[in-house]
Each structure stands twice: as structure tokens, then as C-alpha cells.
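Reviewing the structure listed below.
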Amino acid sequence: MFGRRRKRSEDAVDHIDDVTSEESAGGEESVEDAAAESRVRLEPEPRPDGPWDLSEVREPGEGRVDLGGLFVPGVEGMELRVEVAGDAIVAATVVLRDSAVQLQAFAAPKREGIWHEVREEIAGGITQQGGVVDEVQGPLGWELRAQVPVALPDGTQGVQLVRFVGCDGPRWFLRGVISGQGAVQPQTAGLLEQIFKDTVVVRGDSPMAPRDPIVLKLPDDAQMVAEGLQQEESEGSRFAGGVDRLERGPSISEVR
């Protein structure tokens, strides 16, 4: 508890800093305001194991698929799907057997991390939908493990287990959404987690507003299978996965 210090003349009469209840409340507010400000201005944490900025990798295209804004690690037998919002490709999903990880990069302030704020937004959106969210320290740092309400094919309501992971980089933020068996049994998601960590983000030098998606492109030598599936649109944070109107685009199968 912190109070306001009196002037020296008052201290001469009262050697004790007498704090009234009103002053105490003001002290509490100032502490809370300072804590809130410190949360907003958190700097990105070190990334000794990735994900990587383009400036940190000598050969980003070695063993990775060039999607313009992202270099995504290639794993034998994986399927790579790109997803669009309007005419822009904004996300890539790596499907590996019975698990998947969606990768999406956003512009961010130069000296400020946003993953702490994004977690709050995602959690708030899911709980408003009637879902359940736990914030835990996982292999990739702080993450959200959520039970998201979904409509089943027979019309009944069910839940889908999803993991939201994220990383702040220099002027960018990379979000990953792990689904399938990698979310049901997180201990089996080691390869998907490694794909997330080994991804290279290409922010570019063009001015971008914070939280704008970093646009991707199709690989030049892609062998594609078109799909017209579209995710449902709902209200909430753009980072919540599925709240943007993302249309699943071409798939690139059997990346080796």
C-alpha cells in the first residue's frame, strides 16, 4: 500500500505519514494504473529457439516453403493449405496426419509485444461463446488451451479442443492455432511445435498499422488442389482463429 508523502512542514508536526482512506484508494488506483501500463508496454521476450526474423536466418528458403510473408518448414508427407480473406492470402495451415497448425503473421509495434493482449482477447471471445479457456505455460511459452463450442454434423452442439500459441518478434507477431490430436494430446504435438519455432517471418519495410496481417503468396512451383470450404464468420478478435472470414484456398500436398 502506497500513500502520498506530506510536505516537510507537516512532517515536522506529524512524523508519521498519515494516510486517509481516500488517499489509500488513490494509491491503489495509481498502482493498478502503473501495472496496466507496464502490461501494455511489455517488450518482446528473447527468441533463442525461434520463430525467426528474416534478418536472423542466412538461408531462409533452405528446407522451407516460400510463402512471401512466411517461410514455412517443409516436412515429408505434410499438406500445406493457404487461406484467404478477400483477395489476400493471410494464413497457412500445415496438416500432418491427424493434427494441424495454422500460422498467421501480423505487424506489431517495434518495441512492444502484443501476445499478452491477444491472449486476453481470444480468451474473452471464447468465453462469451460459452467455451472454456485455460492459460498455461507450454513448450512454446504462454499459450491458451481452449474448448471451443462447435456445431456437429447432426445438428447437436459439441466442443473442439484448440491450442493458441504466439510469439512476438521485431515489428511482427506470429500466431499459431494447433488443432486435432496435437490439441487433444499436447504431448504428441512436438513436430507441429517445431514447425512453429522454425518458421521465418518476413515483415518487410513497408509501413503497416499494428495488427494488420502480413500478406502471403503462393509458391512458384506449387502443386495445388483447390478447395472451396469457408469458415464461419463471427464477432470477436481477429486473432481468435475462425473469427475472420477465411476461405480455405489451394492445398499443396506431399511437401518434401
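The values are calculated or read from the model by the stated rules, or taken from the named source; none is laboratory data. Not measured: the values here are computed from a predicted model. Note that each Cβ is placed from the backbone with ideal geometry, even for glycine, and that neighbours are counted across all protein chains shown. When the accessible area is computed, the model is the full protein with side chains, heavy atoms only, and any ligands, DNA or RNA have been set aside. Shrake-Rupley method; radii C 1.70, N 1.55, O 1.52, S 1.80 Å.
Which of the residues spanning the range 137-160 are over 13 Å from the mean Cα position of the chain (by Cα) and within 17 Å of GLY190 (Cβ to Cβ)? Once the filter is applied, which keeps residues that are over 13 Å from the mean Cα position of the chain (by Cα) and within 17 Å of GLY190 (Cβ to Cβ), the range 137-160 yields GLN137, GLY138, PRO139. Looking only at residues in the range 95-110 that are aliphatic (A, V, I, L, M) and within 10 Å of the chain's Cα centre (by Cα), the one that is surrounded by the most Cβ atoms within 10 Å (Cβ to Cβ) is ALA105. Could you tell me whether any residue of the range 128-136 is farther than 22 Å from PRO149 by Cβ and either buried (at least 16 other Cβ atoms within 10 Å of the Cβ) or more than 14 Å from the chain's Cα centre (by Cα) (or both)? Taking every residue of the range 128-136 in turn, none turns out to be farther than 22 Å from PRO149 by Cβ and either buried (at least 16 other Cβ atoms within 10 Å of the Cβ) or more than 14 Å from the chain's Cα centre (by Cα) (or both).
Would you say VAL75 is β-branched (Val, Ile, Thr) and assigned to a loop (DSSP other than H, G, I, E, B)? Judged against the criteria, VAL75 is a match.
Taken together, LEU42, LEU67 contain a single residue that is under 21 Å from the mean Cα position of the chain (by Cα), modelled with pLDDT under 70 and surrounded by 14 or more Cβ atoms within 10 Å (Cβ to Cβ), which is LEU42.
Here the range 137-165 is the region considered, the condition is being among the β-branched types (Val, Ile, Thr) and without any contact (Cβ under 8 Å) to a residue 12 or more places away in the chain, and the residue that is surrounded by the most Cβ atoms within 10 Å (Cβ to Cβ) is VAL150. From the list VAL101, VAL95, VAL150, the one residue that fits, being at pLDDT below 95 and among the β-branched types (Val, Ile, Thr), is VAL150. From the residues in the range 70-92 that are of a type in the set (D, E, K, R) and open to solvent by 30 Å² or more (accessible area, probe 1.4 Å), which one is farthest from the chain's Cα centre (by Cα)? Only one residue fits best here, namely GLU76. For beta carbons closer than 6 Å, sequence separation of 6+ or different chains, a first residue in the range 188-199 that is under 12 Å from VAL75 (Cα atoms) and a second that is in a helix (DSSP H, G or I) and not acidic (Asp, Glu), the qualifying pairs are LEU192/GLY182.
In the set (1) over 16 Å from LEU144 (Cα atoms); (2) open to solvent by 10 Å² or more (accessible area, probe 1.4 Å); (3) modelled with pLDDT under 95, GLY113 fails one condition alone, (2).
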